[in-house]
Ligand SMILES: [Zn+2]
């Protein structure tokens, strides 16, 4: 029994030692393969990334030759411009701002000369200044209009944002040519000694007697008999201006004349009060006398009067002489109308 017990004890002890040796060899084998930690677990995270980064990221030689080296520049180039995200203020996706001045031809005279209108600003309220309805006889109103065109071209900031200003320098270019032998701009030195024939258009009609308010074929200027045309709007210059103005529905139309020294409101048949308000704004600023109507002699077929009939405020501004532009005065009047248009109720 003792041998068996001793034998059994000796056999069991060999098995225990054998197992311990086997575990020791397995541990050495795993350590040798690097599968067992050699350092505390707390430092593993900082060691692991540095050990794997080089094999994951950096293989530049494996990139396709056509791949751009800087993706940031390549991405926008592949996106259509219409989908490029840009700030709303960037002009790429917004309409370009309107130029400070543009010119359009809105008709032709009897002799085929173009009728031109210069436009400033892009606001909804339309204001129109008209020079030269009486042609070369009132040539200083044409020079005043060109001076105004130059002024607002150089000073577009003077146009309120809600206003579009139109300046027609010469509504009767045939009459201008008759008196100055010039189309477009001219010098006072170009004006003929007798400029009176240039008051009328090439049909010898007074363009400010040809509108359809109290129209008469036989009209008067001072003590002279003149032509109002065979019928209202018989003249192409007036047809063109009428068709230019009606779609605009302007809040103010100013006709420059010379030389009666005053601002005259429109009436057809009675005084149109918005027109008188406009006359007051312009006249006070320009230091011209302001009148409800022109009474020196009967005016039939007047342009401003017909506009009053259309509910469009209009005035006639008469310069002091036939030579001076009264520039400072009229600049004051123009700026007053541009900035006080909202006071005109109709
Ligand atoms: Zn006139």
Filtered residues of the stretch 269-289 (kept if surrounded by fewer than 20 Cβ atoms within 10 Å (Cβ to Cβ) and either over 22 Å from residue 165 (Cβ atoms) or free of Cβ contacts under 8 Å to residues at least 24 places away in the same chain (or both)): 269, 270, 271, 273, 280, 289
Hits in the stretch 299-318 - residues which are assigned to a helix (DSSP H, G or I) and either closer than 18 Å to residue 281 by Cα or within 16 Å of the ligand (Cβ to nearest atom) (or both): 303, 304, 305, 306, 307, 308
Lone unmet requirement of (1) in contact with a strand residue (DSSP E or B) (Cβ under 8 Å, 6 or more places away or on another chain); (2) not in a helix (DSSP H, G or I) for residue 269: (1)
Residue in the stretch 128-135 that is in the same structural domain as residue 323 (by TED's automatic domain parsing), part of a helix (DSSP H, G or I) and surrounded by 24 or more Cβ atoms within 10 Å (Cβ to Cβ) present: yes
Some residue of the stretch 111-122 being at pLDDT 95 or above and within 16 Å of the ligand (Cβ to nearest atom): no
Long-range neighbours under 7 Å by Cβ, at least six apart or interchain, first residue without any contact (Cβ under 8 Å) to a residue 12 or more places away in the chain within the stretch 177-206, second part of a helix (DSSP H, G or I): 181/190; 182/190; 190/180
Near pairs, Cβ below 7 angstrom, 6+ apart or cross-chain, from the stretch 298-319 (at positive phi) to any residue that is away from the ligand (no atom under 15 Å from the Cβ): 301/213; 301/214; 301/215; 301/216; 301/232; 311/346
Which numbered condition residue 326 fails, given (1) more than 16 Å from the ligand (Cβ to nearest atom); (2) over 16 Å from residue 264 (Cα atoms); (3) buried (at least 21 other Cβ atoms within 10 Å of the Cβ): (1)
Matching residues in the stretch 207-216 - criterion: being within 16 Å of the ligand (Cβ to nearest atom), within 10 Å of residue 299 (Cβ to Cβ) and more than 34 Å from the chain's Cα centre (by Cα): 209
The stretch 153-173, residues that are assigned to a helix (DSSP H, G or I) and surrounded by fewer than 22 Cβ atoms within 10 Å (Cβ to Cβ): 153, 154, 156, 157, 158
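The values are calculated or read from the model by the stated rules, or taken from the named source; none is laboratory data. Since we're looking at a predicted model, the values are computed, not measured. Please note: Cβ atoms are built from the backbone with ideal geometry, for glycine as well, and neighbour counts cover all protein chains shown.
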